[in-house]
Amino acid sequence: MKRFLFVGGVLLILFVYFGLNYSGFCFAEMRYLSNEEKIRAVFDYQNSRDTLPLDNAPDPKHVLDKSFGGYNLAHIKYKSFDEYIALYPECCSVNPGGGYEVPPTEFLDRILGYDSGDVVVINFQVRYLDEDSSLKTVENRFDNYLENCGKPR
């Protein structure tokens, strides 16, 4: 009887742990992240990059910064998420539906907390200088998964 209770208790603990991971619970902070926190994490990740991959890239000969090469563009970073969201309030969403540019999540990643199951979509306005040193923008869509505690994947 004691073995049964012990094994049952261990299984119950594992079931609760894996279930919370699957649901997106962040054990490091002992809470679920809000949608704003998820969007902010993805924005900070994309904005911190030196170059951004683009689908609809401008012609390289019309870009002042010659680090542009094919699919990447050196961009002028935003000061903060607050600055960006003030300029583009409808830029971002969590799980908007309609298909994503990322592969489906894997079950093992979900139960281990490496994937929260949420997809954060940002229509990112990449800023750059054209050949006349004028500030230009080009929109690019970024779809990102997050770990349960907000680290973009």
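Quick rundown of the values:
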| read-out | value |
| --- | --- |
| For the range 72-153: Kirkwood Rh in Å [reciprocal of mean 1/r, alpha carbons] | 14.5 Å |
| Check: the chain dipole with +1 on Lys, Arg Cβ and -1 on Asp, Glu Cβ, in debye | 720 debye |
| Cut-off 12 Å (backbone N to label point 7 Å along Cα→Cβ of S93), residues of the range 110-153 | 120-123 |
| Cut-off 13 Å between beta-carbons: net charge of the residues surrounding A41, Lys and Arg +1, Asp and Glu -1 | -2 |
| Heavy-atom SASA rank of F142, F107 (probe 1.4 Å, accessible area, largest first) | F107, F142 |
| Helix 35-48 axis, angle to the chain major axis (alpha carbon atoms, nearest 10°) | 50 degrees |
| Evaluated over the chain, the Cα radius of gyration and Dmax, each in Å | 20.3, 81 |
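The values are calculated or read from the model by the stated rules, or taken from the named source; none is laboratory data. Being a predicted model, the structure only gives us computed values, none of them experimental. We place every Cβ from the backbone using ideal geometry, glycine too, and count neighbours over all the protein chains shown. Heads up: the accessible areas ignore ligands, DNA and RNA and are worked out on the full protein's heavy atoms, side chains in. Shrake-Rupley method; radii C 1.70, N 1.55, O 1.52, S 1.80 Å.
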